[in-house]
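Peer 1: Take this structure first; my questions come after.
The values are calculated or read from the model by the stated rules, or taken from the named source; none is laboratory data. In this text, all values refer to a predicted model and were calculated from it rather than measured experimentally. Cβ placement follows ideal geometry from the backbone for every residue including glycine, while neighbour counts extend to all protein chains displayed. The protein model used for the area step is the full one, side chains on, heavy atoms only, and it has no ligands, DNA or RNA in it. Shrake-Rupley method; radii C 1.70, N 1.55, O 1.52, S 1.80 Å.
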Amino acid sequence: MTHPDVLVLGGGIIGLACARELALRGVRVEVVERLPAGAEASLAAAGMLSPFSEAIPPGPFLDICRESRNLWGPWVAALEEETGLTVDYDTSGSLLVALGEEDEAELDRALRNAREMGEPAEEVEIPALRHWVPDITPAVRRAVHLTGEHRVDNVQLCAVLALALQKLGVTIHYDSEVERVERRQPEGTVLIHGRHWRKEARLLVLAAGAWSGRIPELPPLPLRPVRGQMLLLGGVEWPWRGIVRQGHLYVVRRGATGLLVGATVEEAGFDKHNTVEGIEDLLAFVRRFLPGTAKSRLESIWAGLRPGTPDDLPIVGRIPGWPVLAATGHFRNGILLAPWTAREVKRVALAEVSGEIPELSPKRFLNGS
Ligand code: GLY
(Lines give C-alpha, C1' and ligand atoms only; values in the text may rest on other atoms or scores of the structure.)
Protein backbone atom coordinates (compact mmCIF):
# COMPACT_ATOMS: atom_id res chain seq x y z
CA MET A 1 0.00 0.00 0.00
CA THR A 2 1.45 3.38 -1.03
CA HIS A 3 0.79 6.57 0.94
CA PRO A 4 0.90 9.73 -1.15
CA ASP A 5 1.37 13.31 0.08
CA VAL A 6 -1.95 14.23 -1.49
CA LEU A 7 -4.85 11.96 -2.27
CA VAL A 8 -7.39 13.30 -4.76
CA LEU A 9 -10.87 11.95 -4.31
CA GLY A 10 -12.61 11.94 -7.69
CA GLY A 11 -11.37 11.08 -11.19
CA GLY A 12 -13.38 13.70 -13.07
CA ILE A 13 -11.88 16.67 -14.87
CA ILE A 14 -11.45 18.67 -11.64
CA GLY A 15 -9.74 15.85 -9.73
CA LEU A 16 -7.45 14.92 -12.62
CA ALA A 17 -6.55 18.55 -13.30
CA CYS A 18 -5.71 19.14 -9.60
CA ALA A 19 -3.61 15.96 -9.49
CA ARG A 20 -1.63 17.02 -12.56
CA GLU A 21 -0.99 20.52 -11.26
CA LEU A 22 0.36 19.18 -7.96
CA ALA A 23 2.38 16.37 -9.59
CA LEU A 24 4.04 18.93 -11.88
CA ARG A 25 5.33 20.62 -8.67
CA GLY A 26 6.85 17.37 -7.47
CA VAL A 27 4.08 16.46 -5.02
CA ARG A 28 3.41 12.70 -4.68
CA VAL A 29 -0.24 12.41 -5.71
CA GLU A 30 -2.68 9.56 -6.20
CA VAL A 31 -6.30 9.66 -7.36
CA VAL A 32 -9.15 7.43 -6.20
CA GLU A 33 -12.28 7.14 -8.31
CA ARG A 34 -15.34 5.17 -7.27
CA LEU A 35 -16.25 4.10 -10.83
CA PRO A 36 -14.50 1.30 -12.75
CA ALA A 37 -13.36 3.87 -15.31
CA GLY A 38 -13.74 7.56 -15.89
CA ALA A 39 -15.91 10.21 -14.42
CA GLU A 40 -19.52 11.30 -14.07
CA ALA A 41 -20.56 14.85 -15.01
CA SER A 42 -17.21 15.49 -16.73
CA LEU A 43 -18.04 12.96 -19.42
CA ALA A 44 -21.73 13.88 -19.63
CA ALA A 45 -21.03 17.57 -20.26
CA ALA A 46 -21.14 19.35 -23.63
CA GLY A 47 -17.71 20.96 -23.15
CA MET A 48 -18.83 24.59 -23.40
CA LEU A 49 -16.37 27.19 -22.12
CA SER A 50 -18.98 29.90 -22.04
CA PRO A 51 -18.88 32.48 -19.25
CA PHE A 52 -21.27 34.94 -20.94
CA SER A 53 -24.11 32.86 -22.29
CA GLU A 54 -24.39 30.96 -18.98
CA ALA A 55 -25.93 34.17 -17.61
CA ILE A 56 -23.39 34.60 -14.81
CA PRO A 57 -23.86 38.11 -13.39
CA PRO A 58 -20.87 40.49 -13.57
CA GLY A 59 -18.72 40.22 -10.44
CA PRO A 60 -15.86 38.21 -8.94
CA PHE A 61 -17.21 34.85 -10.08
CA LEU A 62 -17.57 35.96 -13.70
CA ASP A 63 -14.00 37.30 -13.49
CA ILE A 64 -12.84 33.85 -12.35
CA CYS A 65 -14.74 32.22 -15.22
CA ARG A 66 -13.07 34.56 -17.73
CA GLU A 67 -9.68 33.91 -16.19
CA SER A 68 -10.22 30.18 -16.55
CA ARG A 69 -11.36 30.62 -20.15
CA ASN A 70 -8.04 32.43 -20.75
CA LEU A 71 -6.13 29.54 -19.19
CA TRP A 72 -7.70 27.00 -21.54
CA GLY A 73 -5.59 27.60 -24.67
CA PRO A 74 -2.20 27.27 -22.89
CA TRP A 75 -3.57 24.35 -20.85
CA VAL A 76 -4.56 22.40 -23.95
CA ALA A 77 -1.21 23.18 -25.60
CA ALA A 78 0.65 21.89 -22.52
CA LEU A 79 -1.43 18.70 -22.37
CA GLU A 80 -0.86 18.07 -26.08
CA GLU A 81 2.85 18.55 -25.57
CA GLU A 82 2.93 16.22 -22.56
CA THR A 83 0.96 13.42 -24.22
CA GLY A 84 1.61 13.75 -27.95
CA LEU A 85 -2.18 13.67 -28.46
CA THR A 86 -4.42 16.36 -29.90
CA VAL A 87 -7.50 17.79 -28.23
CA ASP A 88 -10.51 19.12 -30.12
CA TYR A 89 -10.49 22.62 -28.61
CA ASP A 90 -12.37 25.15 -30.70
CA THR A 91 -12.42 28.95 -30.43
CA SER A 92 -15.14 29.74 -33.01
CA GLY A 93 -17.38 31.16 -30.30
CA SER A 94 -21.07 31.07 -29.47
CA LEU A 95 -23.93 32.21 -31.64
CA LEU A 96 -26.82 33.42 -29.47
CA VAL A 97 -30.01 33.30 -31.50
CA ALA A 98 -33.28 35.12 -30.75
CA LEU A 99 -36.59 33.72 -31.87
CA GLY A 100 -38.80 35.82 -29.61
CA GLU A 101 -38.79 38.98 -27.49
CA GLU A 102 -37.54 37.18 -24.41
CA ASP A 103 -34.52 35.89 -26.34
CA GLU A 104 -33.81 39.41 -27.61
CA ALA A 105 -33.64 40.73 -24.06
CA GLU A 106 -31.19 37.90 -23.28
CA LEU A 107 -29.06 38.84 -26.33
CA ASP A 108 -29.01 42.48 -25.24
CA ARG A 109 -27.90 41.46 -21.76
CA ALA A 110 -25.12 39.22 -23.08
CA LEU A 111 -23.97 41.90 -25.54
CA ARG A 112 -23.91 44.57 -22.83
CA ASN A 113 -22.04 42.38 -20.35
CA ALA A 114 -19.47 41.28 -22.91
CA ARG A 115 -18.83 44.80 -24.22
CA GLU A 116 -18.52 46.28 -20.73
CA MET A 117 -15.68 43.84 -20.16
CA GLY A 118 -14.02 44.56 -23.47
CA GLU A 119 -14.95 41.11 -24.79
CA PRO A 120 -15.73 40.93 -28.51
CA ALA A 121 -19.45 40.60 -29.28
CA GLU A 122 -21.11 41.45 -32.57
CA GLU A 123 -24.46 41.24 -34.31
CA VAL A 124 -24.58 38.65 -37.10
CA GLU A 125 -26.54 39.28 -40.30
CA ILE A 126 -29.19 36.64 -40.85
CA PRO A 127 -27.75 35.50 -44.26
CA ALA A 128 -24.38 34.95 -42.59
CA LEU A 129 -26.07 32.97 -39.81
CA ARG A 130 -27.80 30.81 -42.44
CA HIS A 131 -24.49 30.17 -44.13
CA TRP A 132 -22.91 28.97 -40.87
CA VAL A 133 -25.94 27.05 -39.59
CA PRO A 134 -27.95 26.00 -42.66
CA ASP A 135 -30.52 24.07 -40.58
CA ILE A 136 -31.65 27.15 -38.60
CA THR A 137 -35.36 28.01 -38.46
CA PRO A 138 -36.76 30.74 -40.74
CA ALA A 139 -38.29 32.24 -37.55
CA VAL A 140 -34.90 33.60 -36.45
CA ARG A 141 -35.07 37.33 -35.58
CA ARG A 142 -31.55 38.19 -34.54
CA ALA A 143 -28.18 36.65 -33.67
CA VAL A 144 -25.08 37.70 -31.76
CA HIS A 145 -21.60 36.20 -32.01
CA LEU A 146 -19.56 35.97 -28.79
CA THR A 147 -16.06 35.10 -29.91
CA GLY A 148 -14.77 34.77 -26.35
CA GLU A 149 -16.68 31.53 -25.77
CA HIS A 150 -14.86 28.34 -26.65
CA ARG A 151 -15.59 24.64 -26.56
CA VAL A 152 -13.67 21.44 -25.98
CA ASP A 153 -14.33 17.74 -26.48
CA ASN A 154 -14.52 17.01 -22.75
CA VAL A 155 -14.46 13.23 -23.21
CA GLN A 156 -11.23 13.46 -25.18
CA LEU A 157 -9.82 15.96 -22.70
CA CYS A 158 -10.44 13.65 -19.72
CA ALA A 159 -8.65 10.82 -21.54
CA VAL A 160 -5.72 13.10 -22.36
CA LEU A 161 -5.52 14.26 -18.73
CA ALA A 162 -5.48 10.64 -17.54
CA LEU A 163 -2.60 9.90 -19.92
CA ALA A 164 -0.74 13.03 -18.78
CA LEU A 165 -1.06 11.75 -15.19
CA GLN A 166 0.23 8.33 -16.18
CA LYS A 167 3.28 9.97 -17.76
CA LEU A 168 3.84 11.92 -14.53
CA GLY A 169 3.74 8.67 -12.55
CA VAL A 170 0.40 9.45 -10.87
CA THR A 171 -1.74 6.38 -10.22
CA ILE A 172 -5.50 6.59 -10.66
CA HIS A 173 -7.18 3.87 -8.58
CA TYR A 174 -10.47 3.10 -10.32
CA ASP A 175 -13.28 1.10 -8.74
CA SER A 176 -12.21 2.46 -5.35
CA GLU A 177 -15.15 3.80 -3.39
CA VAL A 178 -14.24 5.62 -0.17
CA GLU A 179 -16.08 4.24 2.85
CA ARG A 180 -14.99 6.82 5.40
CA VAL A 181 -12.38 9.45 6.12
CA GLU A 182 -10.64 9.73 9.45
CA ARG A 183 -8.76 12.68 10.89
CA ARG A 184 -5.52 11.55 12.58
CA GLN A 185 -4.24 13.49 15.56
CA PRO A 186 -1.58 14.52 16.44
CA GLU A 187 -0.17 13.55 13.02
CA GLY A 188 -2.52 16.04 11.32
CA THR A 189 -3.00 13.62 8.45
CA VAL A 190 -6.07 12.02 6.96
CA LEU A 191 -6.71 8.29 6.74
CA ILE A 192 -8.96 7.25 3.89
CA HIS A 193 -10.70 3.90 4.22
CA GLY A 194 -11.90 1.95 1.20
CA ARG A 195 -13.38 -1.53 1.14
CA HIS A 196 -10.10 -3.40 0.91
CA TRP A 197 -7.62 -0.57 1.22
CA ARG A 198 -6.49 2.34 3.39
CA LYS A 199 -4.36 5.32 2.51
CA GLU A 200 -2.87 8.01 4.67
CA ALA A 201 -2.14 11.43 3.20
CA ARG A 202 -1.12 14.86 4.38
CA LEU A 203 -3.95 16.35 2.34
CA LEU A 204 -7.13 15.12 0.73
CA VAL A 205 -8.49 17.02 -2.27
CA LEU A 206 -12.23 16.50 -2.37
CA ALA A 207 -13.27 16.56 -6.03
CA ALA A 208 -16.15 14.10 -6.08
CA GLY A 209 -18.69 16.35 -7.83
CA ALA A 210 -22.30 15.80 -6.73
CA TRP A 211 -21.11 13.01 -4.39
CA SER A 212 -18.78 15.32 -2.43
CA GLY A 213 -21.28 15.87 0.39
CA ARG A 214 -21.75 12.15 1.04
CA ILE A 215 -18.32 11.03 2.19
CA PRO A 216 -18.91 9.46 5.63
CA GLU A 217 -17.42 11.39 8.53
CA LEU A 218 -16.39 14.45 6.55
CA PRO A 219 -18.36 17.61 7.40
CA PRO A 220 -21.29 17.43 4.98
CA LEU A 221 -21.04 20.04 2.26
CA PRO A 222 -24.44 21.02 0.81
CA LEU A 223 -23.97 19.51 -2.65
CA ARG A 224 -26.97 18.34 -4.62
CA PRO A 225 -27.23 16.59 -7.97
CA VAL A 226 -28.90 18.57 -10.76
CA ARG A 227 -29.69 16.28 -13.65
CA GLY A 228 -28.98 17.27 -17.22
CA GLN A 229 -30.23 15.08 -20.05
CA MET A 230 -28.46 15.33 -23.38
CA LEU A 231 -28.53 13.75 -26.82
CA LEU A 232 -26.21 13.46 -29.77
CA LEU A 233 -27.22 13.83 -33.42
CA GLY A 234 -24.99 12.55 -36.20
CA GLY A 235 -24.45 13.50 -39.83
CA VAL A 236 -24.81 17.27 -39.33
CA GLU A 237 -22.75 19.00 -42.03
CA TRP A 238 -22.39 22.70 -41.15
CA PRO A 239 -19.56 25.16 -41.66
CA TRP A 240 -20.10 26.31 -38.02
CA ARG A 241 -17.84 24.50 -35.50
CA GLY A 242 -18.82 26.28 -32.28
CA ILE A 243 -21.85 26.61 -30.01
CA VAL A 244 -25.37 27.80 -30.91
CA ARG A 245 -27.80 28.78 -28.16
CA GLN A 246 -31.38 29.80 -27.79
CA GLY A 247 -32.37 30.72 -24.26
CA HIS A 248 -31.09 28.08 -21.85
CA LEU A 249 -30.87 25.35 -24.50
CA TYR A 250 -27.88 24.82 -26.73
CA VAL A 251 -26.26 22.76 -29.45
CA VAL A 252 -22.52 22.11 -29.58
CA ARG A 253 -20.44 20.52 -32.35
CA ARG A 254 -18.80 17.20 -31.46
CA GLY A 255 -16.36 15.48 -33.81
CA ALA A 256 -16.65 15.97 -37.58
CA THR A 257 -20.44 15.79 -37.97
CA GLY A 258 -21.86 15.39 -34.45
CA LEU A 259 -24.18 17.82 -32.71
CA LEU A 260 -24.77 17.64 -28.96
CA VAL A 261 -28.15 18.94 -27.81
CA GLY A 262 -28.64 19.97 -24.17
CA ALA A 263 -29.69 20.12 -21.58
CA THR A 264 -32.48 19.65 -19.08
CA VAL A 265 -32.07 21.09 -15.57
CA GLU A 266 -33.85 18.78 -13.12
CA GLU A 267 -33.88 18.08 -9.40
CA ALA A 268 -34.22 14.30 -9.48
CA GLY A 269 -31.82 13.19 -6.75
CA PHE A 270 -29.14 10.73 -7.84
CA ASP A 271 -31.39 9.30 -10.56
CA LYS A 272 -29.41 9.43 -13.79
CA HIS A 273 -32.07 7.99 -16.10
CA ASN A 274 -33.24 9.60 -19.25
CA THR A 275 -36.97 10.28 -19.27
CA VAL A 276 -39.52 10.43 -22.05
CA GLU A 277 -40.34 13.99 -21.05
CA GLY A 278 -36.69 15.12 -20.93
CA ILE A 279 -35.72 13.72 -24.32
CA GLU A 280 -39.02 14.88 -25.81
CA ASP A 281 -38.23 18.45 -24.67
CA LEU A 282 -34.77 18.34 -26.26
CA LEU A 283 -36.14 16.90 -29.50
CA ALA A 284 -38.93 19.50 -29.57
CA PHE A 285 -36.29 22.22 -29.12
CA VAL A 286 -34.08 20.91 -31.89
CA ARG A 287 -37.01 20.47 -34.30
CA ARG A 288 -38.27 23.99 -33.65
CA PHE A 289 -34.85 25.66 -33.62
CA LEU A 290 -33.06 23.62 -36.31
CA PRO A 291 -35.83 22.11 -38.44
CA GLY A 292 -33.26 21.10 -41.07
CA THR A 293 -31.87 18.45 -38.68
CA ALA A 294 -35.16 16.51 -38.57
CA LYS A 295 -33.68 13.64 -40.64
CA SER A 296 -30.39 13.52 -38.72
CA ARG A 297 -29.38 10.31 -36.95
CA LEU A 298 -30.24 10.18 -33.25
CA GLU A 299 -26.98 8.60 -32.07
CA SER A 300 -27.33 8.47 -28.31
CA ILE A 301 -28.97 9.86 -25.20
CA TRP A 302 -27.55 10.15 -21.67
CA ALA A 303 -27.78 12.15 -18.47
CA GLY A 304 -25.29 13.59 -16.00
CA LEU A 305 -25.52 15.03 -12.50
CA ARG A 306 -24.19 18.55 -12.08
CA PRO A 307 -22.84 19.29 -8.60
CA GLY A 308 -25.16 22.09 -7.45
CA THR A 309 -24.69 24.27 -4.35
CA PRO A 310 -27.17 26.53 -2.51
CA ASP A 311 -25.68 29.71 -4.04
CA ASP A 312 -24.74 28.13 -7.41
CA LEU A 313 -21.05 28.89 -6.73
CA PRO A 314 -18.26 26.30 -6.50
CA ILE A 315 -16.70 25.26 -3.20
CA VAL A 316 -12.94 25.71 -3.35
CA GLY A 317 -10.87 25.94 -0.18
CA ARG A 318 -9.94 24.23 3.07
CA ILE A 319 -12.52 22.49 5.23
CA PRO A 320 -12.04 23.97 8.71
CA GLY A 321 -10.31 21.60 11.12
CA TRP A 322 -9.54 18.98 8.47
CA PRO A 323 -6.55 18.42 6.17
CA VAL A 324 -9.04 18.49 3.32
CA LEU A 325 -9.26 20.92 0.44
CA ALA A 326 -12.59 21.06 -1.37
CA ALA A 327 -12.64 21.48 -5.16
CA THR A 328 -16.23 20.80 -6.00
CA GLY A 329 -19.72 22.24 -6.59
CA HIS A 330 -18.95 23.65 -10.04
CA PHE A 331 -22.59 23.21 -11.11
CA ARG A 332 -22.85 24.29 -14.79
CA ASN A 333 -19.23 25.37 -15.13
CA GLY A 334 -17.03 22.41 -14.23
CA ILE A 335 -15.35 22.05 -17.60
CA LEU A 336 -14.76 25.79 -17.92
CA LEU A 337 -13.31 26.07 -14.41
CA ALA A 338 -11.00 23.03 -14.47
CA PRO A 339 -7.70 24.85 -15.19
CA TRP A 340 -8.47 27.69 -12.78
CA THR A 341 -9.53 25.28 -10.00
CA ALA A 342 -6.39 23.18 -10.46
CA ARG A 343 -4.22 26.28 -10.21
CA GLU A 344 -6.09 27.53 -7.14
CA VAL A 345 -5.88 24.14 -5.39
CA LYS A 346 -2.16 23.99 -6.10
CA ARG A 347 -1.68 27.53 -4.73
CA VAL A 348 -3.63 26.82 -1.53
CA ALA A 349 -2.07 23.36 -1.04
CA LEU A 350 1.46 24.70 -1.46
CA ALA A 351 0.70 27.87 0.54
CA GLU A 352 1.52 30.05 -2.47
CA VAL A 353 -1.38 32.34 -1.54
CA SER A 354 -2.04 33.85 1.85
CA GLY A 355 -5.76 33.20 1.87
CA GLU A 356 -8.65 31.68 0.01
CA ILE A 357 -11.40 33.31 -2.00
CA PRO A 358 -14.09 33.93 0.65
CA GLU A 359 -17.02 33.70 -1.80
CA LEU A 360 -15.94 30.15 -2.69
CA SER A 361 -14.72 28.94 0.69
CA PRO A 362 -16.41 25.89 2.29
CA LYS A 363 -16.59 28.01 5.46
CA ARG A 364 -19.66 29.76 4.10
CA PHE A 365 -21.56 26.50 4.63
CA LEU A 366 -19.76 25.15 7.70
CA ASN A 367 -20.05 27.93 10.23
CA GLY A 368 -20.57 25.59 13.13
CA SER A 369 -17.42 23.48 12.49
N1 GLY B 1 -23.06 24.20 -18.85
C2 GLY B 1 -24.20 23.70 -19.46
C3 GLY B 1 -25.04 22.85 -18.63
O4 GLY B 1 -24.76 22.62 -17.48
O5 GLY B 1 -26.07 22.43 -19.13
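Peer 1: Taking θ as phi - 60°, what are the ³J(HN,Hα) couplings along the stretch 314-328 by the Karplus curve (6.51, -1.76, 1.60), each to the nearest whole Hz, with x for Gly and Pro?
Peer 2: Rounded to whole hertz, the list is x, 10, 9, x, 6, 7, x, x, 10, x, 9, 10, 7, 9, 8.
Peer 1: So how strong a dipole does the stretch 57-206 carry about its Cα centre when Lys and Arg Cβ are +1 and Asp and Glu Cβ are -1, to the nearest 20 debye?
Peer 2: Charge dipole, the stretch 57-206, about its Cα centre: 800 debye, nearest 20.
Peer 1: Which residues does a label at LYS167 reach in the stretch 1-29, if reach means a backbone N under 20 Å from a point 7 Å past the Cα toward the Cβ?
Peer 2: 12-29
Peer 1: By accessible area of protein heavy atoms, probe 1.4 Å, what ranking do SER296, SER50 get, highest first?
Peer 2: Accessible-area ranking of SER296, SER50, largest first: SER296, SER50.
Peer 1: Quick one: helix 60-83 against the long Cα principal axis of the chain, what's the angle to the nearest 10°, folded into 0 to 90?
Peer 2: In the chain, helix 60-83 runs at an angle near 80 degrees to the longest axis.
Peer 1: Please list, in order along the stretch 264-280, the HN-Hα scalar couplings obtained from phi with the Karplus expression 6.51 cos²θ - 1.76 cosθ + 1.60 (θ = phi - 60°), rounded to whole Hz, x for Gly and Pro.
Peer 2: Values, residue by residue: 6, 10, 9, 9, 10, x, 8, 7, 9, 6, 7, 10, 4, 4, x, 5, 4 Hz.
Peer 1: Among VAL316, ALA263, VAL252, which residue has its Cα furthest toward the positive end of the charge dipole of the stretch 226-323, with +1 on Lys/Arg Cβ and -1 on Asp/Glu Cβ?
Peer 2: VAL252
Peer 1: Same structure, new question: For the chain, with all protein chains present and a 1.4 Å probe, just round the carbon and sulfur fraction of the accessible area to a whole percent.
Peer 2: Reported share for carbon and sulfur atoms: 51 percent.
Peer 1: Let me ask something else about it. Using the Karplus curve 6.51 cos²θ - 1.76 cosθ + 1.60 with θ = phi - 60°, what ³J(HN,Hα) values do you get for each residue of the stretch 245-262, in whole Hz, with x for Gly and Pro?
Peer 2: Running phi through 6.51 cos²θ - 1.76 cosθ + 1.60 with θ = phi - 60° gives 10, 9, x, 8, 9, 8, 10, 9, 5, 9, x, 5, 10, x, 9, 7, 10, x Hz.
Peer 1: 222 nm [θ] for the chain, helices only, -39500 (n - 2.57) per DSSP H run of 4+, per residue, to 500?
Peer 2: That comes out to -9000 deg cm²/dmol.
Peer 1: Follow-up question, since we're still on this one. So how much slack lies between ASP271 and ASP311, counting 0.36 nm per residue of separation and subtracting their Cα-Cα distance, in nm?
Peer 2: 12.2 nm
Peer 1: Evaluate the charge dipole of the chain about its Cα centre and quote only its size in Debye, nearest 20, assuming +1 on the Cβ of each Lys and Arg and -1 on the Cβ of each Asp and Glu.
Peer 2: Value, rounded to 20: 740 debye.
Peer 1: Which residue fluctuates most in the GNM of the chain (Cα springs below 10 Å): GLY234, GLY12, GLY334?
Peer 2: GLY234
Peer 1: How large is Rg over Rh for the stretch 199-344, taking Rg from the Cα atoms and Rh as the Kirkwood inverse mean of 1/r across Cα pairs?
Peer 2: Value, to two decimals: 1.06.
Peer 1: Per-residue accessible area for ARG180 at 1.4 Å probe radius, Å² rounded to 10?
Peer 2: The value for ARG180 is about 80 Å².
Peer 1: Could you identify which residue out of ALA45, ALA23, ALA105 has the top mean-square fluctuation in a GNM of the chain using Cα springs shorter than 10 Å?
Peer 2: Greatest mean-square fluctuation among the candidates belongs to ALA105.
Peer 1: Based only on Cα atoms, what Rg/Rh ratio does the chain have, Rh being taken as Kirkwood's radius?
Peer 2: Here Rg/Rh amounts to 0.98.
Peer 1: Right, something else. So, how do all the Cα-to-Cα distances of the stretch 148-250 break down into 10 Å bins, in percent, from 0 on up?
Peer 2: Reading upward from the zero bin: 10, 28, 30, 20, 11, 2, 0.
Peer 1: I've got another one for you. Using only the Cα atoms of the stretch 1-88, construct the convex hull and provide its projected area averaged over every direction, in square nanometres to one decimal.
Peer 2: That works out to 7.6 nm², a quarter of the Cα hull's surface.
Peer 1: Fully extended, how many nm does the chain gain between ASN70 and ALA37 (0.36 nm per residue separation, minus their Cα-Cα distance)?
Peer 2: 8.9 nm
Peer 1: Also: Taking amide H positions as placed in the peptide plane 1.01 Å from N, state which residues far from GLY247 in sequence (5 or more) or on other chains have amide H under 5 Å from it.
Peer 2: Amide H neighbours of GLY247: VAL97.
Peer 1: Let me ask something else about it. At 1.4 Å probe size, put ARG318, ARG253, ARG306 in order of accessible surface, largest to smallest.
Peer 2: Accessible-area ranking of ARG318, ARG253, ARG306, largest first: ARG318, ARG306, ARG253.
Peer 1: Let me ask you something else. In the stretch 93-174, how does Rg compare with the Kirkwood Rh, expressed as the Rg/Rh ratio over alpha carbon atoms?
Peer 2: 1.22
Peer 1: Keeping all protein chains in the complex and leaving out DNA, RNA and ligands, what accessible area do you get for LEU168 with a 1.4 Å probe, in Å² to the nearest 10?
Peer 2: About 70 Å², rounded to the nearest 10.
Peer 1: If you don't mind, another one. Mean separation of Cα pairs under 8 Å and 6+ residues apart, divided by the residue count of the stretch 64-150: what relative contact order is that in percent?
Peer 2: That works out to 40 percent.
Peer 1: Here's a follow-up. Tell me, what is the FRET efficiency for ILE301 and GLU187 to the nearest 0.05, using R0 = 56 angstrom and their Cβ-Cβ distance as r?
Peer 2: It comes to 0.70.
Peer 1: Check the straight Cα-Cα distances from LYS363 and name the lysines below 25 Å, setting aside those fewer than 8 residues away within the same chain.
Peer 2: Within reach: LYS346.
Peer 1: Before I look further, what does the stretch 156-314 give for accessible area per residue, probe 1.4 Å, in whole square angstrom?
Peer 2: With all protein chains present, the stretch 156-314 gives 45 Å² per residue.
Peer 1: Given the options VAL348, VAL226, VAL144, which has the most mean-square fluctuation in a GNM of the chain, springs set between C-alpha atoms less than 10 angstrom apart?
Peer 2: VAL348
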